[in-house]
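First the structure, in the form of structure tokens, and then the observations on it.
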Amino acid sequence: SDSLNPEVKPRILLMGLRRSGKSSIQKVVFHKMSPSETLFLESTNKICREDVSSSSFVSFQIWDFPGQIDFFDPTFDYEMIFRGTGALIFVIDSQDDYVEAVSRLHLTVTRAYKVNTNINFEVFIHKVDGLSDDHKIQKQRDIHRRANDDLVDAGLQSINLSFYLTSIYDHSIFEAFSKVVQKLIPQLPTLENLLNIFISNSCIEKAFLFDVLSKIYIATDSSPVDMSTYELCCDMIDVVIDISCIYGPADTGSDLPYDKESMAIIHLNNTTVIYLKEVTEFLAVVCFLRTESFERKGLIDYNFHCFKSAIQEVFDVRLRIQKNRKLLSQR
Ligand code: GDP
């Protein structure tokens, strides 16, 4: 299905000083690299590392600041890139001196804002593994204060920065990415509503709509998110994809061994069932439910069928609107 073609994908730009951790984040989130392998990532000298993930709901690009990115360089069309960007993630290495990074952040944000006032500015205070909780809060406060002071001094207090504490060594990077992506999905309230209806009609406790490749959840029902539940869902996706890679059909014509038939059921010993089912080319639903509720699997599958059609309609409608707009603008 082309219902999630690149035009409707949330576009994200990942920026920051060299060695702040951008390639590691990309490799861990979008390429299933294990965090310890990132120690051996080679530094590149390219300013822009293109990566439009073809088998993910999200598309994104990395920009480095080797020290002297030149916003005035006429061969570097940053205006065009900022115009097409939904979120700009700026990565700051919390284990390093961050004065230079904060001033780069300021320069970048003010440049980007001039081109596109609708960009979401997301600051990842990164590599916080190894810091104590007190230390983390302290760093976040300090970076927050410095960055906002710079904006106030420039008369740009209307710019809103969001901050996240992240590390590739735990699920915080996936959670932060999930929040960044969710802000870019105009259909989010509809998706949440559909999930709410689906779970209440099926006696499911919790359901996540996942981008399978990246394990970013793009929506969930409105009950609170418990981190350990989210982590279990991530682990389940890993298991399903790993097993499919090893034992699945050799060529599915896509980067992921994942298709319309994909589904999995895991019974946990504590009377809980985790149920995964394909929704679209990139998305799957992962549900948490009690064993008793799972006895009515027929009902769940029927409700799921209705849910899936509704989701496809949500994305198809948006695609049609975009196509029409394009046609109109070409006249
Ligand atoms: P880039 O130049 O911004 O792309 O940075 P890299 O991705 O090459 O990362 C630089 C170094 O930081 C590598 O040695 C990574 O292993 C390390 N790194 C990246 N993320 C983390 C993290 O969350 N925690 C820790 N402790 N190290 C990290």
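The values are calculated or read from the model by the stated rules, or taken from the named source; none is laboratory data. Note that the structure is a prediction, hence the values are computed from the model and not measured. Neighbour counts run over all protein chains shown; Cβ positions are idealised from the backbone, glycine included. Only protein heavy atoms, including side chains, enter the accessible area calculation; ligands, DNA and RNA are left aside. Shrake-Rupley method; radii C 1.70, N 1.55, O 1.52, S 1.80 Å.
Tabulated data
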{"quantity": "Cut-off under 5 Å, modelled amide H: who pairs with Ala219 long-range", "calculated": "Leu209"}
{"quantity": "Heavy-atom accessible area order for Ser34, Ser24, Ser54, largest first, 1.4 Å probe", "calculated": "Ser54, Ser34, Ser24"}
{"quantity": "Carbon/sulfur fraction of accessible area - the stretch 85-165, other protein chains in place, 1.4 Å, %", "calculated": "43"}
{"quantity": "Probe 1.4 Å, all protein chains present, accessible-area order of Ser293, Ser43, largest first", "calculated": "Ser43, Ser293"}
{"quantity": "Residue-normalised accessible area of the chain, given per residue in Å² at a 1.4 Å probe", "calculated": "49"}
{"quantity": "Residue order for Tyr302, Tyr113 - accessible surface, 1.4 angstrom probe, largest first", "calculated": "Tyr302, Tyr113"}
{"quantity": "Probe 1.4 Å - accessible area at Glu292, Å² to nearest ten", "calculated": "100"}
{"quantity": "Charge dipole (the chain, unit charges on Cβ, about Cα centre) - positive-most of Phe198, Ile62, Leu327", "calculated": "Leu327"}
{"quantity": "Backbone HN-Hα couplings from phi across the stretch 83-98 [Karplus 6.51/-1.76/1.60, Hz, Gly and Pro as x]", "calculated": "5, x, 9, x, 9, 10, 8, 10, 9, 10, 6, 6, 8, 10, 5, 10"}
{"quantity": "Residues of the stretch 118-144 with amide N under 19 Å of the 7 Å Cα→Cβ point at Leu39", "calculated": "127-131"}
{"quantity": "Antiparallel %, DSSP beta bridges [both residues in the chain], to 5", "calculated": "50"}
{"quantity": "Pairs of lysines in the stretch 102-208 (C-alpha under 25 Å apart; 8 or more residues apart or interchain)", "calculated": "12"}
{"quantity": "Amide H within-cut-off set for Met15, under 5 Å, with H built and near neighbours excluded", "calculated": "Trp63, Ile89, Phe90, Val91"}
{"quantity": "Surrounding net charge for Lys260, when Lys and Arg each add one and Asp and Glu each subtract one, Cβ distance under 12 Å", "calculated": "-2"}
{"quantity": "Derived scalar couplings ³J(HN,Hα) [the stretch 136-148; Karplus, 6.51 cos²θ - 1.76 cosθ + 1.60; whole Hz; x for Gly, Pro]", "calculated": "4, 4, 4, 4, 4, 4, 5, 5, 4, 5, 4, 5, 6"}
{"quantity": "Cut-off 15 Å between beta-carbons: net charge of the residues surrounding Lys179, Lys and Arg +1, Asp and Glu -1", "calculated": "-2"}
{"quantity": "For the stretch 225-237, Karplus couplings with θ = phi - 60° (6.51, -1.76, 1.60), whole Hz, Gly/Pro x", "calculated": "8, 9, 3, 5, 5, 4, 5, 4, 4, 4, 4, 5, 4"}
{"quantity": "Accessible surface of the stretch 172-327, 1.4 Å probe, proportion on carbon and sulfur as whole %", "calculated": "54"}
{"quantity": "Inter-centroid distance (Cα atoms) of the stretch 175-198 relative to the stretch 86-127, Å", "calculated": "24"}
